1. When residues of the range 675-701 are filtered for being surrounded by fewer than 22 Cβ atoms within 10 Å (Cβ to Cβ) and either closer than 26 Å to LEU735 by Cα or in contact (Cβ under 8 Å) with a residue 12 or more places away in the chain (or both), how many remain?
2. Scan ARG526, ARG484 and give me the residue that is within 22 Å of the chain's Cα centre (by Cα), in contact (Cβ under 8 Å) with a residue 60 or more places away in the chain and under 30 Å from THR219 (Cβ atoms).
3. Please identify the pairs in which a residue from the range 286-300 that is touching a residue at least 60 places away in the same chain (Cβ under 8 Å) has its Cβ atom under 6 Å from the Cβ atom of a residue that is assigned to a loop (DSSP other than H, G, I, E, B) and acidic (Asp, Glu), counting only partners at least 6 apart or on another chain.
4. Suppose we keep only residues that are touching a helix residue (DSSP H, G or I) at 6+ places or on another chain (Cβ under 7 Å) and under 16 Å from ILE84 (Cβ atoms) within the range 135-147. Which one would you say is most open to solvent (accessible area, probe 1.4 Å)?
5. Out of everything in the range 382-414 that is part of a helix (DSSP H, G or I) and touching a strand residue (DSSP E or B) at 6+ places or on another chain (Cβ under 6 Å), what residue ends up being surrounded by the fewest Cβ atoms within 10 Å (Cβ to Cβ)?
6. Return the residue satisfying two criteria in turn: it lies in the range 326-365 and is open to solvent by 40 Å² or more (accessible area, probe 1.4 Å) and in contact with a Pro (Cβ under 8 Å, 6 or more places away or on another chain), and of such residues it is nearest to VAL287 (Cα to Cα).
7. Check TYR28, TYR52 and return the single one that is of a type outside the set (A, V, I, L, M), open to solvent by less than 50 Å² (accessible area, probe 1.4 Å) and modelled with pLDDT of 90 or more.
8. Looking for whichever is in contact (Cβ under 8 Å) with a residue 40 or more places away in the chain and closer than 25 Å to ASP376 by Cβ here; the options are VAL603, VAL654, VAL658. Which one fits?
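The values are calculated or read from the model by the stated rules, or taken from the named source; none is laboratory data. These numbers come from a predicted model, not from an experiment. Quick reminder, even Gly has a Cβ in these numbers, built from the backbone with ideal geometry, and neighbours come from all protein chains shown. The protein model used for the area step is the full one, side chains on, heavy atoms only, and it has no ligands, DNA or RNA in it. Shrake-Rupley method; radii C 1.70, N 1.55, O 1.52, S 1.80 Å.
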Amino acid sequence: MGAAVRLKVAVRSLAQLTCRSGDIHFRYDDGTDSREGIDTQKRLQRDRGPTYEREMSVKDTWSDGIVELELAGRVDGCDLASGIVEEFKTTRSEAERLHAYAGGVHLAQLRLYAALLARAHPERTDWRLRLLYCDPDTDAVTPFEESLDAAELEQFLQRCCRALARALADLHQHRERRNAKLAGLQFPHATFRPAQRDLSAAVFRTVRDGGALLFEAPTGSGKTLGALFPTLLALGRGNVDRVVFLSSRTTGQSSAEATVDRLCSDDSVRRVTIVAKAKICFMPEPVCDPEICEFARGYYDRSAPAIAELLAVGTMARDAIERIAMAHRVCPFELSLDAAVWADIVICDYNYVFDPVVRLKRLAGVTNDRIALLIDEAHQLGDRVRDALSTRLSRSLLGRARKLISDTFAAKRAAALDRRLTQLRRDTVRAGELDPNSFECRIERADGVVKAAEDLLEALTSEANAARDPTITELTFALSRLMRVAGWYDAERFAIFARGDGRDIDIEWRCIDPSAAIAETLADYRAHVRFSATVTPFELTGRAHGQPDARTLRVPSPFSAERLGVFAVPDVGTLYRQRSASLPRLIGAIRSMVDARRGNYLVALPSFEYLDLAAAAYAAAFGATSLVRQARGMSESARADFLCAFTSRAHPIVGFAVMGGLFTESIDLPEGALAGIAVVGIGLPPPSLERNAIEAHFGESHGRMLAYEQPALSRVVQSAGRLIRRESDCGVVCLIDPRFVAPAYRDYLPSEWRIVRTQAERLPSALAAFWRTVE
């Protein structure tokens with residue numbers, strides 16, 4: 001009788017899962033680019049002898065009768081004639097320190113490769129293992145060597161496989177219980193909403209068969225449930241192994257948590273939410289240096305029982321993660337990441353999938369699991385990935401850090417980088433005949449800055465204050481990201497911008513077109529479903545995400561169109577130059593909306609500057625006692641107070657908020673909390689070098705739409721979407737701007753909106769007529 005569990009495992013994963021020990025350390029967690037590693041390895045292998053083989057594939061099977069592991073990997077280099085096996089690790093870090101930090105895993109990987117070679121070549125009994133740390137810039141090599149016989153290698157292989165087999169057997173048993181539970185999953189409501197059944201069927205087929213789906217559904221229509229319910233059905237039927245749910249906001253993540261808990265109320269499904277390191281860290285600053293943080297020091301020596309205890313909880317929410325991490329004195333952030341390897345559902349931010357610097361390879365699981373990827377708020381995906389692929393470096397940050405660097409060699413490297421930045425500033429001003437005190441322009445190259453930054457980053461690995469001072473830590477992270485961005489930079493998809501302010505210069509390497517990166521990442525998943533209330537037009541979103549052939553679905557609103565009144569007010573100009581003159585008419589239109597029906601109202605504006613102007617004028621005209629306003633940099637308690645004002649029902653409230661901000665996307669207010677929303681202006685982003693570069697890159701067909709129009713109109717629809725969230729809700733949306741009646745913008749707005757065009761002075765009568773129809 002064969003083994004009950006048969007799984008494919010990469011040699012590298014086997015080493016990492018069974019042989020890691022010691023500390024977490026931020027200095028050694030950012031490796032070099034994979035292309036650099038390949039190129040460096042090829043250069044160093046050129047002079048190997050004629051019997052030397054590069055990139056040799058190895059595989060074999062291990063079994064204990066219950067678990068069967070198909071082990072596979074690729075040996076960097078070996079010479080079977082002399083029994084030499086080599087593993088290359090490319091790094092700019094000091095090799096001795098890196099080996100002390102991660103050498104256990106690196107050596108384990110090399111031993112496992114050698115063990116598989118020894119199985120394949122039993123005629124050889126003695127093997128020489130060479131672990132080589134290589135600098136990609138100088139080709140300097142620091143070797144660590146050992147000699148083992150075939151019996152010792154086999155013993156090591158057996159020990160690693162037995163350790164992993166125990167965990168995989170437990171995982172298999174858990175998944176059998178999970179699938180039995182989910183196979184009979186019932187829809188949590190008595191009936192489906194209109195079109196909700198068709199949506200669930202489309203998502204289920206996509207996840208079951210593998211593929212891509214983009215769907216648009218109105219806010220409040222149950223998008224999260226519509227995506228998760230059929231996906232969990234497919235999970236229970238064995239079509240996928242795991243689910244990753246992405247949301248760009250904590251409110252979206254909370255909605256996913258609540259939905260999963262409603263569908264699976266017991267511990268049969270393991271669900272973990274990845275909370276940002278800065279929020280969950282036990283230390284004042286998330287430094288991740290074992291010399292400072294006791295939770296990083298010795299983490300891998302204490303983490304196994306903490307992971308086991310956390311997995312037993314099932315619902316791995318923040319409070320459980322923090323409680324168990326504190327009990328075992330381990331890092332809560334790292335604990336949540338390790339738990340994600342074994343979880344059924346992982347809820348997290350976009351960055352953990354799409355940012356190449358912080359991307360979690362652990363999300364793939366132990367055995368390259370088949371994963372369904374659900375992407376909420378998909379209208380934000382392009383901008384978020386664009387941000388993830390970009391970086392900046394400022395002379396002001398370097399200057400602050402230079403005052404704190406104690407190492408002489410690092411100080412010299414920092415001075416050299418400062419000279420490079422100063423020279424680039426001088427050359428840019430001269431070439432463009434710019435104002436040296438204030439300029440902004442696009443430049444072609446900044447190679448000298450990149451090389452000097454690389455040299456400084458290497459020197460900072462020995463800087464004593466690097467972990468203790470947040471400014472040096474900030475600089476180190478900025479330099480590390482710059483090295484990664486420089487590795488994937490190309491002039492077609494990226495642009496470099498230089499900005500000068502006095503003696504300071506800021507260099508930004510900016511991704512213009514992230515579509516290829518998005519497509520490459522999505523290809524790693526068995527199925528992916530992107531969804532939002534605002535991904536119209538589909539063709540445009542498909543181009544932006546590199547998914548022109550994905551299936552699309554538009555879900556009609558489940559709410560009666562008669563319960564939503566949409567009024568376009570075109571005679572109030574909101575352009576910057578018009579705002580002062582049109583302010584009285586704007587305040588009058590807002591007051592007309594408020595007076596038409598008692599209730600709470602939200603006013604969404606395109607900027608804080610405009611918000612401050614309008615809120616001050618409204619307060620001067622009608623008093624401030626019933627007015628609340630969003631402020632820059634609000635604390636969590638201040639945000640809660642703002643939202644609470646709409647639910648206290650003590651007296652009607654008029655709230656002023658910024659489009660695309662905290663209170664106009666992803667929040668779900670209680671039933672009847674709002675009677676109306678005024679959207680002031682279409683919120684086109686102001687012209688900028690970046691937006692203009694995006695427009696030029698995508699050309700006449702899509703350029704202006706992607707650079708300016710879609711981001712703006714998406715915020716408009718998201719803002720209006722705070723109003724109708726349930727069948728019982730009703731209210732009005734006032735679109736205040738002449739451009740809302742322009743045909744060019746109508747395609748971005750929901751097709752179910754029955755827009756009534758009215759002048760500001762006639763708005764009261766139009767509103768009154770609407771309210772009479774719903775009474």
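1. 14
2. ARG526
3. From the range 286-300, the pairs are PRO290/ASP23; ALA296/ASP23; ARG297/ASP23.
4. Ranking the candidates gives VAL141 first.
5. That would be SER396.
6. The selected residue is MET326.
7. TYR52
8. Numbers: VAL603 fails: closer than 25 Å to ASP376 by Cβ; VAL654 fails: closer than 25 Å to ASP376 by Cβ.
Going through VAL603, VAL654, VAL658 in turn, the sole match is VAL658.
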